[in-house]
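Q: Quick one: the structure is below, and I'll ask about it shortly.
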Amino acid sequence: MKTIISTKEKHKRLLNWLLTNKTRILLISLLYPNIVCFTPDSTGTSNTFVDLMLGLGKYANVTYNCEGQATSVTNYTYFDYGAGITHKIDVLNLGLRSGGLTINDTHTEYTNHSYSYYQYDNEMPGYSTFYFNPFIGLDTKYFEFNAGVVWFSNKPDYNSGGLDEYLINDNSNIQISSDIRIGNKQAFHFTSQYLSSVPLLSGSMFDMGFGFGSKESRNLTWVGLSAGPFQNAGLALKQNIQITDQFDILLKGRIGQIESNLEGSISAGARYNF
């Protein structure tokens, strides 16, 4: 007798398989250029780069009453890591980002009721998730656009430190990602991204700003504004430093403030250019 497997059961099996094999999937992704040994034809160009990043940060989630007064402030700290591989064939980008993050509640909340000031422990559990982000896009000298899908192993909800408030597809494991560049990346240009940074949080969930590249090297300085998981916009900085013909250092930082609470992040890593 033929057994019928429900769609829910199929999704559950797929989720378990991805979680069990996430390390293998990441390693295969990073080794992809050497495994495939792709050789472009004489009329095209091809190149690949791999990013590896670690980051940490802190932010606050503030609630307000109808009069615009802050009623509570909950502080969070987090640690995240990520890796990304992008393979370019002529003007086509193919890539995969993946990583993980852990958000910890500091277990302290401040509440203002009728000019009285209270402090109490907030026993909210921490939140951790692993994610995959395949994407595809168009990359030319003066314009670039990439779009993809982000899949979270643990659905962002009210336990995720407000992470769910910055997602377009509410209460879902699956989100969209995108990033755009206008202008020559070897000179002055504008970029913006949503859920496309590596790492995902310390690189900011959303940012926009201007980059200043170089025609003599891969050195690049970027300055802009970022938000998410930060509730207010803050100043964000990115720096690419070319070390050798194939190796770059990547640095990212962010600083901001909400209700006298400092919010910020820092991340560092490396890029290998094939």
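Q: May I ask you to list pairs of residues, at least six apart or on different chains, whose Cβ atoms are under 6 Å apart, with the first in region 242-260 being closer than 29 Å to GLY228 by Cβ and the second being hydrophobic (A, V, I, L, M, F, W, C) and at pLDDT below 95?
A: GLY256/PHE230; ILE258/ALA60; ILE258/VAL62; GLU259/VAL62; GLU259/ALA70; GLU259/VAL73
Q: Quick check: is even one residue across region 153-160 of a type outside the set (Val, Ile, Thr) and not in a loop (DSSP other than H, G, I, E, B)?
A: The first filter runs over region 153-160 and keeps only residues of a type outside the set (Val, Ile, Thr), leaving 153-160.
From what is left, the residues that are not in a loop (DSSP other than H, G, I, E, B) are none.
No: region 153-160 contains no residue that is of a type outside the set (Val, Ile, Thr) and not in a loop (DSSP other than H, G, I, E, B).
Q: A further question on this structure: Looking for something among the acidic types (Asp, Glu) and either at pLDDT 55 or above or crowded, with 17+ Cβ neighbours inside 10 Å (or both) - is there at least one such residue anywhere in region 40-48? Reasoning before the result, please.
A: Our first condition is that a residue be among the acidic types (Asp, Glu); within region 40-48, this holds for 41.
From what's left, either at pLDDT 55 or above or crowded, with 17+ Cβ neighbours inside 10 Å (or both): none.
So far as region 40-48 goes, no, none of its residues is among the acidic types (Asp, Glu) and either at pLDDT 55 or above or crowded, with 17+ Cβ neighbours inside 10 Å (or both).
Q: Assuming GLU144 fulfils every condition listed in (1) modelled with pLDDT under 85; (2) among the acidic types (Asp, Glu); (3) in a strand (DSSP E or B) apart from one, which condition is it?
A: Failed condition: (1).
Q: Being within 16 Å of TYR81 (Cα to Cα) and in contact with a strand residue (DSSP E or B) (Cβ under 7 Å, 6 or more places away or on another chain) narrows it down to one of SER192, SER226, SER265, so name that one. Before the answer, list the steps.
A: Values: SER192 fails: within 16 Å of TYR81 (Cα to Cα); SER226 fails: within 16 Å of TYR81 (Cα to Cα).
Answer to the check: SER265.
Q: Please tell me if ILE255 is β-branched (Val, Ile, Thr) and within 25 Å of THR102 (Cβ to Cβ).
A: Details: β-branched (Val, Ile, Thr): yes; within 25 Å of THR102 (Cβ to Cβ): yes.
For ILE255, the condition - β-branched (Val, Ile, Thr) and within 25 Å of THR102 (Cβ to Cβ) - is met.
Q: I would also like to ask the following. Taking into account only those residues within region 71-82 that are surrounded by 20 or more Cβ atoms within 10 Å (Cβ to Cβ) and of a type outside the set (Ser, Thr, Tyr), which is farthest from SER202 (Cα to Cα)?
A: So in region 71-82, the residues surrounded by 20 or more Cβ atoms within 10 Å (Cβ to Cβ) come out as 74-76, 78, 80-82.
Those still in the list that are of a type outside the set (Ser, Thr, Tyr) too: 75, 80, 82.
Working: ASN75: 16, ASP80: 7, GLY82: 10 Å.
Step by step, filter region 71-82, then rank; the result is ASN75.
Q: Right, something else. Could you list, in sequence order, the residues of region 55-70 that are surrounded by 20 or more Cβ atoms within 10 Å (Cβ to Cβ), at pLDDT 90 or above and closer than 14 Å to ASN232 by Cα? Walk me through how you get there before you give the answer.
A: Applying the first criterion (surrounded by 20 or more Cβ atoms within 10 Å (Cβ to Cβ)) to region 55-70 yields 55, 57, 59-61.
Within this subset, residues satisfying the condition of being at pLDDT 90 or above are 55, 57, 59-60.
Selection gives TYR59, ALA60.
Q: Can you tell me which residue in region 154-185 is modelled with the lowest pLDDT, limited to those that are in contact with an Asp or Glu (Cβ under 8 Å, 6 or more places away or on another chain) and surrounded by 15 or more Cβ atoms within 10 Å (Cβ to Cβ)? Don't jump to the end; show me each part of the working.
A: Filtering region 154-185 down to residues in contact with an Asp or Glu (Cβ under 8 Å, 6 or more places away or on another chain) leaves 156-158, 161, 164, 170-171, 179-181, 185.
In the following step, the residues that additionally are surrounded by 15 or more Cβ atoms within 10 Å (Cβ to Cβ) were identified as 156, 161, 164, 179-181, 185.
On the way: PRO156: 87, GLY161: 84, ASP164: 87, ASP179: 98, ILE180: 98, ARG181: 98, LYS185: 93.
Here the answer is GLY161.
Q: Within region 188-274, considering only strands (runs of 3 or more DSSP E) that don't extend past its boundaries, which have at least 1 residues that are of a type in the set (Lys, Arg)? So that I can check it myself, show each step before the final result.
A: Details: elements: 188-194, 206-212, 220-227, 234-242, 247-258, 261-273.
It comes to 234-242, 247-258, 261-273.
Yes/no per residue for (1) surrounded by 17 or more Cβ atoms within 10 Å (Cβ to Cβ); (2) over 16 Å from the mean Cα position of the chain (by Cα):
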residue: GLN246; (1), (2): no, yes
residue: LEU250; (1), (2): yes, no
residue: ILE255; (1), (2): no, yes
residue: ILE258; (1), (2): yes, yes
residue: ASN261; (1), (2): yes, yes
residue: GLY269; (1), (2): yes, no
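Q: Can you confirm whether region 184-202 contains a residue that is closer than 28 Å to GLN69 by Cα and touching a helix residue (DSSP H, G or I) at 6+ places or on another chain (Cβ under 9 Å)? Reasoning before the result, please.
A: Looking only at region 184-202, we keep the residues that are closer than 28 Å to GLN69 by Cα, and these are 201.
Keeping just the survivors that are touching a helix residue (DSSP H, G or I) at 6+ places or on another chain (Cβ under 9 Å) gives 201.
So far as region 184-202 goes, yes, one or more of its residues are closer than 28 Å to GLN69 by Cα and touching a helix residue (DSSP H, G or I) at 6+ places or on another chain (Cβ under 9 Å).
Q: Right, next: Pick from region 141-153 the residues that are surrounded by 12 or more Cβ atoms within 10 Å (Cβ to Cβ) and within 25 Å of PHE190 (Cβ to Cβ): which of them is farthest from the chain's Cα centre (by Cα)? Give the steps one after another, and end with the answer.
A: Of the residues in region 141-153, the ones surrounded by 12 or more Cβ atoms within 10 Å (Cβ to Cβ) are 143-153.
Still in the list and also within 25 Å of PHE190 (Cβ to Cβ): 143-150.
Details: PHE143: 21, GLU144: 18, PHE145: 16, ASN146: 14, ALA147: 13, GLY148: 12, VAL149: 12, VAL150: 10 Å.
Applying the filter and picking the extreme gives PHE143.
Q: Report, by residue number, each residue of region 178-198 that is in contact (Cβ under 8 Å) with a residue 60 or more places away in the chain and over 18 Å from GLN231 (Cα atoms).
A: Passing the criteria: SER196, VAL198.
The values are calculated or read from the model by the stated rules, or taken from the named source; none is laboratory data. Quick caveat: nothing in here was measured; it's all calculated off a predicted structure. Because the Cβ atoms are built from the backbone with ideal geometry, glycine has one as well, and the counts that use them run over all protein chains shown.
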